[in-house]
Structures are given as structure tokens and as C-alpha cells.
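Report on one structure; see the data block that follows.
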Amino acid sequence: MYLWIITGVVLIVSFIFNKDKTIQGLKKAWKQLYGIGSLLVLVLICVAIALNFINEDLITQTLSGGNRYIGFLSAVVIGSIAMMPGFIAFPLAGILRQNNVPFMVVSAFTTTLMMVGILTFPFEKKYLGFKVALIRNFICFTICIVVALVTGLIYREIF
């Protein structure tokens, strides 16, 4: 709320000092928003379709297979490909824990889900460039693996 108020005040002050530049800036911002919007809507449609077909039981069965290392690898792959907002991902993590999915696997799943974006890669590539998007995803993927392994060590699920 405060951010909206501050933005409105700054916009009014900018308009008072230089009307032409403010209007020019607003037009440029609108064009960028319009360009991002179409790609964002496409990504949201893909996410909605994916969430419709993938239910909690399927995810739980996949991640809680007999071997925790296979579950870990599945969590990393599924989390990297899928995309869910935090308000869905974190309750899902709670459901996974209730179904005795190891902490290491839940950690791998949620961190890759929130940080790595194979589904959003075209979007990132368009606005960040191919190289930056690839480096960002690689670094995030590496961090996710490390966090999950440390979680496994802390909860004594490794070794």
C-alpha cells in the first residue's frame, strides 16, 4: 500500500517538474508492460494446465519412492521443470512431510521449484539474454542441490 502511495506522489512530482518526460516515460513503461504481459499470460496458462493435471498424490508417490536418492533426483528434476507460486508450493511441502517424504527431498523440491525456471526460461531469455538466464538458472540449481544436501546432513538422511 505504501509503495503505491509513494509511487503516486513521485509520479505527481515528476509530472509537475517535467510533463513531457513523465508522459514519455509512462508510454515507454506501458509498452514494456504490454510486451511482458502476453508472455506472462502464456506462462500462467501453462502453469494452470500443469496444476490441473498434476495432483498431490502423484507428486507424493513420485518423491517418496523406496530410495531417497531417486526421490531426491526426481525432486530436483520435477522442481526445476514445474512452476508453482509459493502459496501453493509451501503447503504442498507440508503435505509431502505429512506423507513421510524425507526433508532432503522436500528441500530439493521446494528450492528448485521456487528458484530454477525451465518453464520460464524463454521469458528470462527474452529480458535477461540467453547467457544471463542460463547462468542464473545454473547458479540457482547448484544452490538448490547444496541446500538440499545440507538439509539431508542436518536431518541425518545422508549416510
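The values are calculated or read from the model by the stated rules, or taken from the named source; none is laboratory data. These figures come from a predicted structure and were not determined experimentally. Note that we place each Cβ from the backbone using ideal geometry, even for glycine, and neighbour counts take in every protein chain shown.
Computed quantities for the displayed model
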quantity: Residues being more than 16 Å from Ile81 (Cβ to Cβ) and either aliphatic (A, V, I, L, M) or buried (at least 18 other Cβ atoms within 10 Å of the Cβ) (or both) - total across segment 112-147; calculated: 7
quantity: Tally, over segment 56-111, of residues that are crowded, with 19+ Cβ neighbours inside 10 Å and of a type in the set (Phe, Trp, Tyr); calculated: 2
quantity: Of the criteria (1) out of contact with any helix residue (DSSP H, G or I) (no Cβ under 8 Å at 6 or more places or on another chain); (2) of a type outside the set (Asp, Glu); (3) outside any helix (DSSP H, G or I); (4) at pLDDT below 90, which one Tyr69 fails; calculated: (3)
quantity: Evaluation of Ile78 against (1) under 12 Å from Pro102 (Cα atoms); (2) touching a Phe, Trp or Tyr at 6+ places or on another chain (Cβ under 8 Å) (one fails), failing number; calculated: (1)
quantity: Candidates Gly129, Gly86, Gly117 - the one that is among the small types (Gly, Ala, Ser), within 26 Å of Gln32 (Cβ to Cβ) and modelled with pLDDT under 85; calculated: Gly86
quantity: Considering residues of segment 1-21 that are within 33 Å of the chain's Cα centre (by Cα) and surrounded by 10 or more Cβ atoms within 10 Å (Cβ to Cβ) only, the residue farthest from Tyr127 (Cα to Cα); calculated: Val9
quantity: Failed criterion for Lys31 (all others in (1) of a type outside the set (A, V, I, L, M, F, W, C); (2) at pLDDT 75 or above; (3) surrounded by 11 or more Cβ atoms within 10 Å (Cβ to Cβ) hold); calculated: (3)
quantity: Residues located in segment 111-136, provided they are assigned to a helix (DSSP H, G or I), of a type outside the set (Ser, Thr, Tyr) and touching a residue at least 40 places away in the same chain (Cβ under 8 Å); calculated: Pro122, Phe123, Lys126
quantity: Selected residue [in contact with a helix residue (DSSP H, G or I) (Cβ under 6 Å, 6 or more places away or on another chain), over 30 Å from Gln32 (Cα atoms), part of a helix (DSSP H, G or I) and of a type in the set (Val, Ile, Thr)] from Val76, Val146, Val150; calculated: Val76
